[in-house]
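The values are calculated or read from the model by the stated rules, or taken from the named source; none is laboratory data. None of these values were measured; they are calculated from a predicted model. Cβ: placed from backbone, ideal geometry, glycine included. Neighbour counts: every protein chain shown. Quick note on the areas: whole protein, heavy atoms, side chains included, nothing else; ligands and nucleic acids left out. Shrake-Rupley method; radii C 1.70, N 1.55, O 1.52, S 1.80 Å.
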Amino acid sequence: MDFEYKIVRSNRRTLAIQIKQGELIVRAPLYAPESVIKDFLVKNRAWIDKHMALARQKQENVDSLQKLTLAEVNELATKAKKYIPERVRYFAPLIGVTFGRITIRNQHTRWGSCSSQGNLNFNCLLMLAPPEVIDSVVVHELCHRLEMNHSSRFYEHVLRVMPNYKEAHAWLKKHGDELMRRNI
């Protein structure tokens, strides 16, 4: 092979390929022979080349992103402390829930969370997203006051209040990594 790869063996029954942070990983059964793994890689060469190129392009985009300064993060937090509670107060009666404290943080992995006591946490980086995306996170967290899970009932509540939730959520899935990677 003219490319490097890492083999991760486990009790699985099949071979699988994963590209994670630009690294090619082969997930293989414990006793799969090296020759079978190499044949599998040759057979899937087109998929590997395509997805490795996509991973390189994504990394180049990340490398070119301008990191936020501490002052910019503080400014986003200040804006979020004003804007997000207004949106929570707007949506809570529409959903039919109450809430506790609202906290704005500079988080690296989450957009929001809801505790069992009804306290809400939101990421200040949401202020870099379109308003409907911010609303989708607010509605999502408030609906956890009704269902502390991601069941179909939970999403029924979300879609009742925000019919365009799926589009906003798709935007966040597509662009969320870029926003998070701008974090200091």
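Quick look at the values:
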| read-out | value |
| --- | --- |
| Residue list for the stretch 123-139, restricted to those being closer than 18 Å to residue 163 by Cα and in a helix (DSSP H, G or I) | 131, 132, 133, 134, 135, 136, 137, 138, 139 |
| Residue 176 being of a type outside the set (Val, Ile, Thr), surrounded by 14 or more Cβ atoms within 10 Å (Cβ to Cβ) and closer than 28 Å to residue 20 by Cα | yes |
| Residue satisfying condition, being in a strand (DSSP E or B), without any contact (Cβ under 8 Å) to a residue 24 or more places away in the chain and among the polar types (S, T, N, Q), within set 78, 103 | 103 |
| All positions within the stretch 140-171 that are touching a residue at least 24 places away in the same chain (Cβ under 8 Å), open to solvent by 80 Å² or more (accessible area, probe 1.4 Å) and outside any helix (DSSP H, G or I) | 148 |
| Condition broken by residue 48, with the remaining ones in (1) β-branched (Val, Ile, Thr); (2) at pLDDT 95 or above; (3) more than 25 Å from residue 159 (Cβ to Cβ) satisfied | (2) |
| Of all residues in the stretch 16-40 being part of a loop (DSSP other than H, G, I, E, B) and closer than 26 Å to residue 59 by Cα, the one that is most open to solvent (accessible area, probe 1.4 Å) | 21 |
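A quick yes/no check of all residues on (1) surrounded by 12 or more Cβ atoms within 10 Å (Cβ to Cβ); (2) in contact with a Cys (Cβ under 6 Å, 6 or more places away or on another chain); (3) at pLDDT 95 or above:
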site: 3; (1), (2), (3): no, no, no
site: 52; (1), (2), (3): yes, no, no
site: 65; (1), (2), (3): yes, no, no
site: 69; (1), (2), (3): no, no, no
site: 74; (1), (2), (3): yes, no, yes
site: 80; (1), (2), (3): yes, yes, yes
site: 84; (1), (2), (3): yes, no, yes
